[in-house]
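Take a look at the structure set out below.
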Amino acid sequence: MSLLIQNGRIVTAGDDFVGDVLVEGETIAAVGPALAAPAGAEVIDASGKLVFPGFIDPHVHIYLPFMGTYAKDTYESASRAALIGGTTTLLEMCCPARQDDPLEAFELWLSKGAQSACDYSFHMGVSRFDGTTEAALREIASRGVASLKVFLAYKGAFGIDDGELFRTLTLAKELGLIVTAHCENETLVAELQRQLLAQGKTGPQWHEPSRPVRVEAEGVHHLMTFAELTGAHVYCVHTSCREALEAVQAARLRGVRAWVETVIPYLVLDKTYAEQPEFEGAKYVMSPPLRDKWQQPYLWNALRSRLISTVATDHAPFDFAGQKEMGRGDFTRIPNGIPSIEDRVRLLYTYGVCRGRIDLTTFVDAASTQAARLFGLYPRKGTIAVGSDADLVVYDPAYRGVISAKTQAMAVDYSAFEGWEVEGRPSLVTVRGAVQVRDGKFVGRLGHGQFLTRPATHY
Ligand SMILES: [Zn+2]
């Protein structure tokens, strides 16, 4: 089966030109002007549209036992929502609890992914480090998992201590794995939470004061010190503020191999959303928290100057009814997460590209190419080139839409962006040559997604 996408404006992290893309089977066979359509090929007219490499979300949660409940999505709902939003590859955090066996957890997460309509891989969570887990991590790495995840937050659940952090980074350096890290000082969080609750400050508006910017910057600084002394390559997930960016910048100047991710909620939402009355703010509770609005220009500037490499989601869907509500009367019990797997690309395009904050090539770089490069998927993913997987997004910039929980594909009962206008949408989306979305609707096949094995590159 071949597919010819004609006369689109093809934009990658490095190129921007009008031309055609020819897909043969699962890969891109030719890119250039005026390509001839092979017999039997489906021809898509992309005049006036943009053609992007499939977008990659390097930080999502789909199967997630957390805070006494489970995130709402399955791979069926999450991959459908991702594809409608233009995301063709997901990197999910595989998050075993401290007492769990890593290999069993890895097999469990793998079994969940079998229904995925888009391609996927995992960052392997390290919630304990001893002889058994080390052997398991070596095996998991040998099966094509080239990245780990550590939590410096969430004491007693996913968090590891400093000795374990040191040994995890030492192993990562030996195996060439990049270590993604949630950076917050968990002791400070626990103490501040205790203090606030004792003062009767129990609503969602107190979530941010319990994890102020210094708590995050301290976590980043801590990780940077350990990375410096082990030589391991590290990646700060969901970076929310200037103070944390400065800690990375300082470390980079010392030679630390460190990269930065932010997530779409921090770029467009601020902490006043979490301060809304009637517990409405709970919809906007995630960690690190949404910050002051004046932080946003720093994040956009860091993205434009590539101090921030990637824009992910940290998608973690919990219903407002019955789940977020578990934290009424105690903000520390609100399940953390702002669902956005479906909205990331359109929001970044609308509020980044259309508002003049980033250009189109930076947009593609941050939402696709950098994730492919950092996590061992490039050039199979993250670009439009001969031989690359035919993961393509034909984006209609003329489309105008409104985000609403009523129309979203995500399996969650609210949208943090209810009523927001977005410019453009993915009109056609392919995964390895198969059309999975047409006219903004999922038309593909569940189970088409593949588990992607990734080589270790971070020595
Ligand atoms: Zn996360």
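So the values come out like this:
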{"read-out": "Residue, farthest from the ligand (Cβ to nearest atom), within the range 214-241, restricted to residues that are acidic (D, E) and surrounded by fewer than 24 Cβ atoms within 10 Å (Cβ to Cβ)", "value": "E228"}
{"read-out": "Flag if A97 is small (G, A, S), in a loop (DSSP other than H, G, I, E, B) and within 16 Å of the ligand (Cβ to nearest atom)", "value": "yes"}
{"read-out": "Subset tally (residues that are of a type in the set (K, R) and either assigned to a helix (DSSP H, G or I) or in the same structural domain as V21 (by TED's automatic domain parsing) (or both)) for the range 352-379", "value": "1"}
{"read-out": "Test result for V145, in contact with a Leu (Cβ under 6 Å, 6 or more places away or on another chain) and not acidic (D, E)", "value": "no"}
{"read-out": "Residue that is farthest from the ligand (Cβ to nearest atom), among those in the range 63-82 that are of a type in the set (A, V, I, L, M) and at pLDDT below 95", "value": "M67"}
{"read-out": "Cross-chain or 6+ apart pairs with Cβ under 9 Å, the range 198-222 first and outside the structural domain of A247 (by TED's automatic domain parsing) and farther than 20 Å from T239 by Cα, then assigned to a helix (DSSP H, G or I) and aliphatic (A, V, I, L, M)", "value": "none"}
{"read-out": "Flag if S116 is hydroxyl-bearing (S, T, Y) and either assigned to a loop (DSSP other than H, G, I, E, B) or within 16 Å of the ligand (Cβ to nearest atom) (or both)", "value": "yes"}
{"read-out": "Residue that is nearest to the chain's Cα centre (by Cα), among those in the range 285-327 that are more than 16 Å from the ligand (Cβ to nearest atom) and hydroxyl-bearing (S, T, Y)", "value": "S309"}
{"read-out": "Long-range neighbours under 6 Å by Cβ, at least six apart or interchain, first residue under 22 Å from R380 (Cβ atoms) within the range 35-64, second among the charged types (D, E, K, R) and away from the ligand (no atom under 16 Å from the Cβ)", "value": "L35/D20; L50/R9; G54/D391"}
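The values are calculated or read from the model by the stated rules, or taken from the named source; none is laboratory data. As the structure is a computational prediction, the values presented were derived from the model and not from experiment. Using ideal geometry, Cβ is built from the backbone for each residue, glycine included, and neighbour counts are taken over all protein chains shown.
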